[in-house]
Amino acid sequence: MTPRKASLRVAHQSHCPNNSKTAIDSVDSACKAAKCQPSYYTSMRGHDGKVKKGARIKDRRVAEKVLRELQVEIDKGRAGYQEERNMAFPQWAAEFLRQTQQKVDNGSLKRRTLEAYKETVDKFAVPTIGWVNCRQIGAPQLRTFHESTLHSGTASQLRHLRHLNVVLA
């Protein structure tokens with residue numbers, strides 16, 4: 001899961017009647033009557049689905065500026081979640097095979113599975129898909145891959161498609 005949106009939240013002081021609320025609109029007249037000095041922070045979901053909170057800031061304008069900067073970073077894909085995923089397919093295929101080899105080494109995957117993935121990657125996927133960024137692989141590349149497996153039997157075609165699905169997942 002990649003972050004799509006960051007939000008601005010508020011943290012009230014303990015004596016404030018709104019101390020359990022985090023929405024920005026909870027800064028109201030009751031909050032001001034209690035002389036609460038809220039702090040603001042950014043909030044977003046990380047790639048693992050867990051909430052990530054930013055530093056607390058007392059000035060709302062500064063916090064809104066930090067929020068805008070964070071959202072720009074997320075939109076540009078530089079928040080640290082998408083950099084590895086936007087690589088050329090042969091680079092990703094090599095990385096995938098390296099990770100799969102580690103699984104074989106630690107005993108969580110059988111060597112035959114690695115050999116089957118390697119056959120699909122080396123014989124069909126890399127030559128037909130080529131140096132396309134993984135995020136830009138589309139119907140034309142998949143169609144070319146499928147056409148390259150047509151000389152095989154139906155069961156082999158389906159096996160290679162399943163293996164490509166694992167590589168791209």
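Treating the angle as unsigned and between 0 and 90°, give the value, to the nearest 10°, between the Cα long axis of helix 60-76 and the longest Cα principal axis of the chain.
10
Do the sum for the chain: with -39,500 (n - 2.57) for every DSSP H run of n ≥ 4, divided by all residues, what is the mean residue ellipticity at 222 nm, to the nearest 500 deg cm²/dmol?
Mean residue ellipticity, 222 nm, calculated: -14000 deg cm²/dmol.
Output the 0 to 90 degree angle, nearest 10, between the alpha-carbon long axis of helix 139-148 and the longest principal axis computed from the alpha carbons of the chain.
Long axis of 139-148 versus the principal axis of the chain: about 20 degrees.
Whenever you get a sec, compute what percent of the accessible area on the chain sits on carbon and sulfur atoms (1.4 Å probe). The partial results should precede the final answer.
Values: 5400 of 10870 Å².
So the carbon and sulfur contribution to the accessible surface is 50 percent.
Let me know the longest stretch in the chain that avoids all GluC sites (Glu not before Pro) found in a DSSP loop with at most 11 other C-beta atoms within 10 Å. Walk me through the numbers before you get to the answer.
Numbers: sites that count: Glu83, Glu84.
The answer is 85-169.
Could you provide, to the nearest whole Å², the per residue accessible area of region 83-162 with probe 1.4 Å? Walk me through the intermediate numbers first.
Values: 5090 Å² over 80 residues.
Each residue of region 83-162 exposes 64 Å² on average to a 1.4 Å probe.
Using DSSP to define loop residues, name the chymotrypsin sites (Phe, Trp or Tyr not before Pro) in region 113-158 whose beta-carbon has at most 10 other beta-carbon atoms within 10 Å. Please report the intermediate quantities before stating the final value.
Working: sites: Tyr117, Phe124, Trp131, Phe145; in loops: Trp131.
Of the chymotrypsin sites (Phe, Trp or Tyr not before Pro), the ones in loops of region 113-158 whose Cβ has at most 10 other Cβ atoms within 10 Å are Trp131.
Please work out the FRET efficiency for the pair Ser20 and His151, using the Cβ-Cβ distance as r and a Förster radius of 45 Å; give the result to the nearest 0.05. Show your work: numbers first, answer last.
On the way: r = 66 Å, r/R0 = 1.46.
My answer for the efficiency is 0.10.
Students often get this wrong, so try it: which of [x] 48, 40, 29; [y] 60, 43, 37; [z] 78, 36, 24 is Cα extents along the principal axes in Å as calculated from the structure shown?
[z]
Which whole-number percent is the relative contact order of the chain (Cα, under 8 Å, 6+ apart)?
Details: 192 pairs, mean separation 27.8, N = 169.
It rounds to 16 percent for the chain.
Compute the angle between helix 154-168 and the longest alpha-carbon principal axis of the chain, please, reported from 0 to 90 degrees and rounded to the nearest 10.
30
If you stretched the chain out fully between Lys52 and Leu158, how much longer would it get, using 0.36 nm times the residue separation minus the C-alpha to C-alpha distance? Mind dumping the intermediate values first?
On the way: separation 106, 0.36 × 106 = 38.16 nm, distance 4.08 nm.
Working it through step by step, the gained length comes to 34.1 nm.
Apply the Karplus parameterisation 6.51 cos²θ - 1.76 cosθ + 1.60, with θ equal to phi minus 60°, to every residue of region 17-29 and state each ³J(HN,Hα) to the nearest whole Hz, in sequence, with x for glycine and proline.
x, 9, 5, 9, 9, 10, 6, 4, 6, 6, 7, 10, 5
The values are calculated or read from the model by the stated rules, or taken from the named source; none is laboratory data. Given the structure is predicted, the values throughout are model-derived calculations rather than measurements. Here the Cβ is made from the backbone with ideal geometry for all residues, glycine too, and neighbour counts use every protein chain on show. What goes into the accessible areas is simple: the full protein's heavy atoms, side chains included, and nothing from ligands, DNA or RNA. Shrake-Rupley method; radii C 1.70, N 1.55, O 1.52, S 1.80 Å.
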